[in-house]
1. Return the equivalent ellipsoid semi-axes of the stretch 143-247 as a descending list in whole Å, where each equals the square root of 5 times an eigenvalue of the C-alpha gyration tensor.
2. Which of the aspartates and glutamates could a cross-linker span from Lys300 if the Cα-Cα distance has to be under 20 Å and same-chain partners fewer than 8 positions apart are dropped?
3. Roughly speaking, what is the centre-to-centre gap between the stretch 225-300 and the stretch 37-72 when only Cα atoms are used, to the nearest Å?
4. Describe numerically, in nm with one decimal, the distance between label points set 7 Å from Cα along Cα→Cβ at Val74 and at Met95.
5. Arrange Trp309, Trp384 by Cβ neighbour counts within 10 Å, fewest through most, would you?
6. In this model, which of Lys207/Lys297; Lys154/Lys364; Lys176/Lys393; Lys207/Lys364; Lys176/Lys240 are farther than 22 Å apart at the alpha-carbon?
7. Exposure proxy check: Glu43, Glu172 ranked by fewest other beta carbons within 10 Å?
8. Neighbour counts of other C-beta atoms within 10 Å: give me Leu180, Leu102 arranged from fewest to most.
Amino acid sequence: MSGKLLPVLLLALHLTAGSVRSQGSSQDAFIIQYLERRLAQMEERLNLCEQNTVAVTQKTYDLSSEIRGFLSTVSILRSEVRNQVDNVAVRVDRMERELEYLENKIPTQSDIEMEEALLEQQIKAAEQEQLKKKAKIKVEKDCSTALSQIKSLKIVKRTGDTSGSWFKDPSEGSAKVYLLSGIRNNTLLEYVSLQSFAERTTTPPAKVVQLPFDWQGTGHVVYNGFLYCHKAETPNQILKVDLLNATVVDSTLLPGAGRLPVYSLNPNTYLDLAVDELGLWVIHADPEYGGNLVITKLDKASLAVEYTWDTQCRSRDAEGAFLICGTLYVVYNTRYGGRSTIQCLYDIHDTIHSDESPVLFFPKRYTSHSSIHYHPGDKQLYAWDDGYQTIYKVDTRRNDQVTAE
């Protein structure tokens, strides 16, 4: 547009200049200069207008491209929505058919009554099965002995941390001694005999078993060459470990356990495993029973729960416990250490009762125990007494004799 207008403007300027020259006036020369400035300004504005027109055209093109992109996206979304609507329609149709099928399958009132009766029969059968298991535990062995006295004390050694556990494998024919120092570790020491353990320089040296996990607390036992322990970082997982190759062969989660320490004076032990004449046990505390102790009988092969008993023995002020012939003996002390006493017991056979039994005192030694393990073959208690590995000899008598006293 500016290219066509420029010749016209030049022609007008030429004519004007000719007229001015013909007049030869200085006033005309001023007018010519004025017109030239105006023409330059007009040309500049025309150029700016042309640039603006190009910019608007480009923006219009870009906007058109963007709108076309939006339209393509909207088309895709519309297709997806259509597919989803079709899917919902199919699902609604399927649901209607299933509802119709369920309506046809709803039992009548008589069928419901029969189902309730069958459920009651199943519950009664389960209760009878539990009673059979309890009765089986009672008659499994002729085990009618009870603790009557803790008569002597022997300090075998001092090694390891202030807390820990040590014990012998109670299986028949085994003389091996095991030591687990501390309240959390992955190392177990195995000695060929009690004499080897007691020597200052053991010959042969202790076998160091490195486990593939950490154990927690002091409530471990070794039974028939297998370590039973509480796995660290778990509230209630019990592991069974083959000590020949340090591999886990079985595990179980103990229902209701691990929510609070077994004994208030040993706050790092949540599961305390024990062995007596009847087999493998777990002692734990249950907040649903006021924090009282609970004992659970486990199958040593499969770790299956055979039966559970809720006791009246409190966890508060307790430092340990052990079982003899299915009777739980709970050891109490003070927070600052003192003379340990047995003040509560629970007999699964219901032949002796805590209120009929006298308080049993440990031999005078005013410290505290972090673990106490009973050996049914030796009739001894293996205790960890403030870093000292200690043995207590015990006297046992028949239940009727203990009750009579």
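Taken together, the values in this text are just the output of simple stated rules run on the coordinates, not laboratory data. Owing to the predicted nature of the structure, the values given are computational and were not obtained by experimental measurement. Cβ coordinates were reconstructed from backbone atoms using ideal geometry, including for glycine residues, and neighbour counts include every protein chain displayed.
1. Working: eigenvalues 98, 71, 46 Å².
Three semi-axes, in Å: 22, 19, 15.
2. Glu129, Glu140, Asp142, Asp169, Glu172, Asp242, Asp250, Asp272, Asp276, Glu277
3. 84
4. Taking the simple label geometry, Val74 and Met95 are separated by 3.1 nm.
5. Values: Trp309 17, Trp384 27.
Going from sparsest to densest Cβ surroundings: Trp309, Trp384.
6. In this structure, Lys207/Lys297; Lys207/Lys364 lie more than 22 Å apart at Cα.
7. Details: Glu43 14, Glu172 8.
Arranged by neighbour count, lowest to highest, Glu43, Glu172 become Glu172, Glu43.
8. Values: Leu180 28, Leu102 9.
So the residues, fewest neighbours to most, are Leu102, Leu180.
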